[in-house]
1. For the range 262-298, how many residues meet the condition of being more than 20 Å from residue 35 (Cα to Cα) and free of Cβ contacts under 8 Å to residues at least 24 places away in the same chain?
2. In the range 26-64, what count of residues is obtained for those that are touching a residue at least 12 places away in the same chain (Cβ under 8 Å) and assigned to a helix (DSSP H, G or I)?
3. Among the strands (runs of 3 or more DSSP E) confined wholly to the range 187-288, which include 3 or more residues that are touching a strand residue (DSSP E or B) at 6+ places or on another chain (Cβ under 6 Å)?
4. Based on this model, can you work out whether residue 323 counts as within 26 Å of residue 264 (Cα to Cα), modelled with pLDDT under 80, surrounded by fewer than 12 Cβ atoms within 10 Å (Cβ to Cβ) and over 21 Å from the mean Cα position of the chain (by Cα)?
5. Could you list all residues from the range 147-163 that are without any contact (Cβ under 8 Å) to a residue 60 or more places away in the chain and touching a strand residue (DSSP E or B) at 6+ places or on another chain (Cβ under 9 Å)?
6. Residues in the range 71-98 that are surrounded by fewer than 16 Cβ atoms within 10 Å (Cβ to Cβ), over 22 Å from residue 343 (Cβ atoms) and modelled with pLDDT under 95: how many?
7. Could you pull out the residue among 364, 347, 338 that is within 21 Å of the chain's Cα centre (by Cα), modelled with pLDDT of 85 or more and under 27 Å from residue 97 (Cα atoms)?
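The values are calculated or read from the model by the stated rules, or taken from the named source; none is laboratory data. Here the structure is a predicted model, which means the values were calculated and not measured. Cβ coordinates were reconstructed from backbone atoms using ideal geometry, including for glycine residues, and neighbour counts include every protein chain displayed.
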């Protein structure tokens with residue numbers, strides 16, 4: 001009886017997995033709100049910090065860095081706004097250092113657009129516009145990260161793990177629930193720091209559930225749009241790698257430099273280096289400091305190849321795209337340390353290549 005019970009449960013589990021897989025789909029740029037960045041310090045360096053990060057933002061960037069926290073407790077806050085304040089992005093993390101080798105952090109991220117007007121029912125029964133029938137809703141993405149970092153018994157080697165819970169809300173129309181795991185390593189040898197961050201190592205699953213009213217169903221059908229159905233969205237693994245080195249020029253002036261290579265495996269993208277299914281994005285940054293009180297930063301990332309199409313008046317034989325042009329995202333930043341407070345600012349001009357546009361980013365860190 002015991003064996004039959006066990007076999008039955010195994011069979012049910014297999015059927016459930018197969019049914020989920022049949023409705024799942026791999027989506028490029030899935031959960032892309034988790035690639036924006038959570039620290040004005042890191043963003044000012046072109047998001048190049050996977051090898052050198054050593055504060056509570058490690059829970060997002062590379063959890064292995066949690067093992068290098070300098071204080072027992074740390075709190076980080078960040079706020080930024082995109083598209084002239086239409087979209088708001090917020091981040092908060094807290095960390096606790098248990099001992100010289102082990103630490104834990106919890107983080108929450110929200111990217112949202114609020115007060116969107118739902119005009120689906122703006123017309124009354126007589127066909128007249130009634131603005132009182134307009135309702136407001138929000139579209140927001142949330143993520144909670146629980147992170148653990150520890151120094152290994154191998155000298156210079158640290159490792160870390162993330163567990164992340166995802167909730168995506170589109171008003172009363174749709175919700176998604178997701179789960180994923182990240183893993184990171186940092187290794188210090190001589191004056192060099194190496195870092196690896198494997199995101200979504202088990203693949204991250206978002207289960208979408210739609211609430212389609214009769215009015216929405218009619219609107220979809222009248223506009224020849226396909227009705228959305230409950231589905232499973234899969235985020236493929238990606239790999240962030242980096243190397244950094246700190247240079248001390250004098251007793252007062254120092255420089256941290258880092259170069260990263262980020263790999264995606266969900267198909268060919270318009271990356272600087274791309275071949276199906278791998279795309280590679282380089283990024284780099286510099287962080288000058290004076291007495292580790294005042295900081296000046298700069299970086300570049302988000303290299304993209306943009307096809308330059310010919311004019312439609314060209315002949316049929318020559319109407320192909322010209323050589324690709326390369327665009328990238330520049331960034332700069334400032335930092336100030338006041339006792340145990342760190343105030344950081346970043347300015348990034350991403351043009352048309354990313355989710356943010358001419359954005360001012362502020363973050364605050366307090367350690368004690």
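1. Residues flagged as more than 20 Å from residue 35 (Cα to Cα) and free of Cβ contacts under 8 Å to residues at least 24 places away in the same chain within the range 262-298 amount to 2.
2. Within the range 26-64, residues that are touching a residue at least 12 places away in the same chain (Cβ under 8 Å) and assigned to a helix (DSSP H, G or I) number 14.
3. Output list reads 192-199, 204-210, 231-235, 238-248, 253-264.
4. Working: within 26 Å of residue 264 (Cα to Cα): yes; modelled with pLDDT under 80: yes; surrounded by fewer than 12 Cβ atoms within 10 Å (Cβ to Cβ): yes; over 21 Å from the mean Cα position of the chain (by Cα): yes.
Yes.
5. 152, 154, 155, 156, 157, 163
6. 3
7. On the way: 347 fails: under 27 Å from residue 97 (Cα atoms); 338 fails: within 21 Å of the chain's Cα centre (by Cα).
When all the criteria are applied, what remains is 364.
Table: residues versus (1) at positive phi; (2) in contact with a strand residue (DSSP E or B) (Cβ under 7 Å, 6 or more places away or on another chain); (3) modelled with pLDDT of 95 or more.
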| position | (1), (2), (3) |
| --- | --- |
| 106 | no, yes, yes |
| 126 | no, no, no |
| 132 | no, no, no |
| 142 | no, yes, yes |
| 166 | no, yes, yes |
| 174 | no, yes, no |
